[in-house]
Amino acid sequence: MLQWFKDVYSEFTPRALKVSITALAAVGFGVYVLATSTSIPAPVVVGKSSSAKTTVSTAKIFVHIAGKVRKPGIYQLDSGARVYDLVLLAGGFSAKANQASVNLARVLTDGEQVIITDGSSLAQGSQSNLISLNQASSSALEDLPGVGPALAARIVDWREANGGFKSKEDLLNVAGIGDKLFASVKELVTL
């Protein structure tokens, strides 16, 4: 083995040894640069178009608005739209609309109906414009003044737990409804 090493070493001249060391150093430096590089070139795809478009669509809902608006009907809105947006799409309130009959800030849900009443039908106690305590959905109950999502849910829960409302005064048994709120909604509801 020693003889083999001497034969190989004797074939190398100092110049050949320098060239070998330099070549080895260059290869080592190249490996180092590649290993520490953070920039990776983007792949080139031949024959493909790079004009792809990404579209993001918002979920749509359909809501029916009736009563005292300029253009009653069914409207398509973006999910998360509010009653205010619906009234604007319907051309706004008519001259006889009772603008306090609906919560304009309430978020709409797909498939619901919003009814804008007039002042005279409320004064006369028209049954067609009243909200049924025993049948109204939680979102419909939110149309009552002072009733938000949490209170509407408690009204529905009380109705289900007690077999429905027997009188309007049963509303006073729902947590969060006191005399003042009851006085403001009692003429707007029916059984």
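Considering only residues in the stretch 93-113 that are farther than 18 Å from F62 by Cβ and of a type in the set (S, T, Y), the one that is modelled with the lowest pLDDT turns out to be S101. Residues in the stretch 75-121 that are under 20 Å from the mean Cα position of the chain (by Cα) and charged (D, E, K, R): D78, R82, D85, R106, D110, E112.
Restricting attention to the stretch 144-166, does a residue exist that is polar (S, T, N, Q) and touching a residue at least 24 places away in the same chain (Cβ under 8 Å)? The answer is no, given that none of the residues of the stretch 144-166 is polar (S, T, N, Q) and touching a residue at least 24 places away in the same chain (Cβ under 8 Å).
Residue by residue, here is whether (1) at pLDDT 85 or above; (2) assigned to a strand (DSSP E or B) holds:
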position: G91; (1), (2): yes, no
position: I115; (1), (2): no, yes
position: S121; (1), (2): no, no
position: V147; (1), (2): yes, no
position: L151; (1), (2): yes, no
position: W158; (1), (2): yes, no
position: K166; (1), (2): yes, no
position: D170; (1), (2): yes, no
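Would you confirm whether or not the stretch 172-190 contains a residue that is in contact with a Ser or Thr (Cβ under 9 Å, 6 or more places away or on another chain), surrounded by 12 or more Cβ atoms within 10 Å (Cβ to Cβ) and under 22 Å from A105 (Cβ atoms)? Taking every residue of the stretch 172-190 in turn, at least one turns out to be in contact with a Ser or Thr (Cβ under 9 Å, 6 or more places away or on another chain), surrounded by 12 or more Cβ atoms within 10 Å (Cβ to Cβ) and under 22 Å from A105 (Cβ atoms).
The values are calculated or read from the model by the stated rules, or taken from the named source; none is laboratory data. Just so you know, these numbers come straight off a predicted model, no measurement behind them. All Cβ positions, even for glycine, are placed from backbone atoms using ideal geometry, and neighbour counts span all protein chains on display.
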